[in-house]
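What follows is a short report on a single structure.
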Amino acid sequence: MARKKTAGAATGTEPAPRQRGHRSLVTKRDLVSYRKRLEAELAELQGQRADLEESTGASMADATGEVGFDEEYADAGSFTFERERDLSLVDNVKDLIDKVEHALARIDAGSYGRCEGCGNAIEAERLDALPYTTLCLADARRRVRPR
């Protein structure tokens, strides 16, 4: 039986099209595509982290200046809010970097595409949407809504 090729599948940059809800192991061609996506995302996230850490460091240098008592308290509150927001963004980016690095390590180990909860294959649609996911949809839902 002849298989229909798509433009993306021919170049190896896109995962092979699958039926909705299809649960199969990731093919070698898919792994190449996922690795490229994950490596690109990792580079982007590392750039974001560097930018955020630089801006957070610069804002700390601004904060060490002398502040007079007659200045408005709103300025201090605004600075604190912005600093906390920046630190939160840095933490979020670091968390995503850890997830992407874990996914790349799983590709190297040969366990990519398998659910860490139940051991079954992760749905292709889920991997396409979140290539760093470690859980199938059923296990992800159980973790969000424990019974």
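Side notes on the structure shown:
- Unit charges at the beta carbon, dipole of segment 86-147: most positive-side option, Leu87, Gly119, Thr133: Gly119
- Extension gain (nm, one decimal) between Lys28 and His102, 0.36 nm per residue minus Cα-Cα: 24.8 nm
- Gain on full stretching of the segment that runs from Arg35 to Glu54 - 0.36 nm per residue minus C-alpha separation: 4.0 nm
- Cα gyration tensor category, rounded, prolate or oblate, for segment 84-147 with a/c compared to 1.5: oblate
Since every read-out is calculated from the coordinates, none of them should be taken as a lab result. Fair warning: this is a prediction, and the values are worked out from it, not measured in the lab. As a convention, Cβ positions derive from the backbone with ideal geometry for all residues, glycine included, and neighbour counts pool all protein chains shown.
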